[in-house]
1. Would you point out the residue of segment B:5-29, among those that are touching a residue at least 60 places away in the same chain (Cβ under 8 Å) and in a loop (DSSP other than H, G, I, E, B), that is farthest from the chain's Cα centre (by Cα)?
2. Restricting to segment A:203-220, count the residues that are exposed (fewer than 14 other Cβ atoms within 10 Å of the Cβ) and part of a helix (DSSP H, G or I).
3. How many residues are closer than 29 Å to residue B:91 by Cβ, under 14 Å from the mean Cα position of the chain (by Cα) and within 12 Å of another protein chain (Cβ to nearest Cβ) if we restrict to segment A:108-137?
4. Take residue A:136 and tell me if it is closer than 29 Å to residue A:3 by Cβ, more than 16 Å from the ligand (Cβ to nearest atom) and in a loop (DSSP other than H, G, I, E, B).
5. Among A:16, A:100, which is the only one that is under 18 Å from residue A:153 (Cβ atoms), surrounded by fewer than 17 Cβ atoms within 10 Å (Cβ to Cβ) and either within 16 Å of the ligand (Cβ to nearest atom) or within 11 Å of chain B (Cβ to nearest Cβ) (or both)?
6. Take the residues of segment A:28-50 that are in contact with a strand residue (DSSP E or B) (Cβ under 7 Å, 6 or more places away or on another chain) and within 16 Å of the ligand (Cβ to nearest atom): which is nearest to residue B:84 (Cα to Cα)?
7. Restricting attention to segment A:162-197, report how many residues are touching a residue at least 40 places away in the same chain (Cβ under 8 Å), within 22 Å of residue A:148 (Cβ to Cβ) and in a loop (DSSP other than H, G, I, E, B).
8. Residues of segment A:187-202 being under 13 Å from residue B:93 (Cα atoms), more than 9 Å from every other protein chain (Cβ to nearest Cβ) and surrounded by 12 or more Cβ atoms within 10 Å (Cβ to Cβ), which ones?
Ligand SMILES: Cc1cc2nc3c(=O)[nH]c(=O)nc-3n(C[C@H](O)[C@H](O)[C@H](O)COP(=O)(O)O)c2cc1C
């Protein structure tokens, strides 16, 4: 298996990147862990050329405004279509995506997922699929609270090494909830009204001496 | 009517109070540092868009001319979208049945979004249009028009 993992997080400090944590867990229990590269620390053109040498590219990325970060799109711009199939001894080249994001529901990812499918087509790559996980923004701060999620990511990696596919059952588990249920919505609204949802945020703002400015409108 | 124009090198016959040409401007990519939410609320750690932010949140409409790239918005335009996160609050609201950012400002411009380029059939164009509609819905613009540049009434 000849797969490269690309971490699409633009975070300046990769230690704080959830995509990095996902990437490391994805390869953690593989017998032959795949190479991982960070898009942010490479020249897009060179990295695109390098990645094209692999049978499969898996991009692990944060959702930014319902899609890939600008930096990842700049990399995608540099990917050249593969020659007509079969491009490799094992068949056509393949591309897949693992998205993790802040909002809870993975329906937030539905605008970019069909694009990724069409992108694979434009590149003459087989589309491996897109794995989605919501409510992931805090993983780097509280990795222990996300043990179950990270275990699923490692299982996804093991299954991928065996089958060269994203395991449907694991993908389904990760993608929940797709939409917020009416019960969840009622609960979230109550939590909001009593002010519980923002306790953590407000603590950070206070630590930074920015609490009083939190609603500022500096540009009018 | 105050108008902001965002282009990628294209000249369009419309008068603007402010123009951001992404073919010329060097806009830093967002690095996810969250300064704009937790350290200096509303202000990005990078200062290269300060003038744009001012004109955008005080405009009645924004005209955007996008060069379709691999069936999507270009990396440069996507970076601009990412860098608009300081214009919204970190709080989430659920009144529409899904997670939405809370506006930081009282209002945002109407959007006229024109695109130029090709798509993968059969649904590449629809995927693009749905995406743009969603971005500016999330960005709390009230009226959003997305059309090919050829259909713009000058
Ligand atoms: C500019 C920007 C835009 C974002 N847009 C979204 C979004 O549209 N939906 C969402 O659920 N999360 C969004 N997020 C949250 C990130 O996806 C989330 O924090 C992710 O875990 C960051 O991954 P990283 O640590 O690997 O960079 C956004 C974050 C930033 C900085």
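The values are calculated or read from the model by the stated rules, or taken from the named source; none is laboratory data. No experiment lies behind these values; they were computed from the predicted model shown. Neighbour counts are summed over all protein chains in view; Cβ atoms, including those assigned to glycine, are modelled from backbone coordinates with ideal geometry.
1. Step one: filter segment B:5-29 for residues touching a residue at least 60 places away in the same chain (Cβ under 8 Å), giving B:5-6, B:8, B:10, B:12-14, B:20.
Still in the running and in a loop (DSSP other than H, G, I, E, B): B:8, B:10, B:12-14.
Working: B:8: 13, B:10: 16, B:12: 17, B:13: 20, B:14: 18 Å.
So the residue we want is B:13.
2. So the count comes out to 4.
3. Qualifying residue count, segment A:108-137: 8.
4. On the way: closer than 29 Å to residue A:3 by Cβ: yes; more than 16 Å from the ligand (Cβ to nearest atom): no; in a loop (DSSP other than H, G, I, E, B): yes.
When the stated conditions are applied, residue A:136 does not pass them.
5. Numbers: A:100 fails: surrounded by fewer than 17 Cβ atoms within 10 Å (Cβ to Cβ).
After ruling out the rest, the residue left standing is A:16.
6. So the first thing to find is which residues in segment A:28-50 are in contact with a strand residue (DSSP E or B) (Cβ under 7 Å, 6 or more places away or on another chain), and the list is A:34-39, A:47.
With the extra rule that they be within 16 Å of the ligand (Cβ to nearest atom), the set shrinks to A:36-39.
Numbers: A:36: 30, A:37: 27, A:38: 24, A:39: 22 Å.
Here the answer is A:39.
7. 7
8. A:187, A:191
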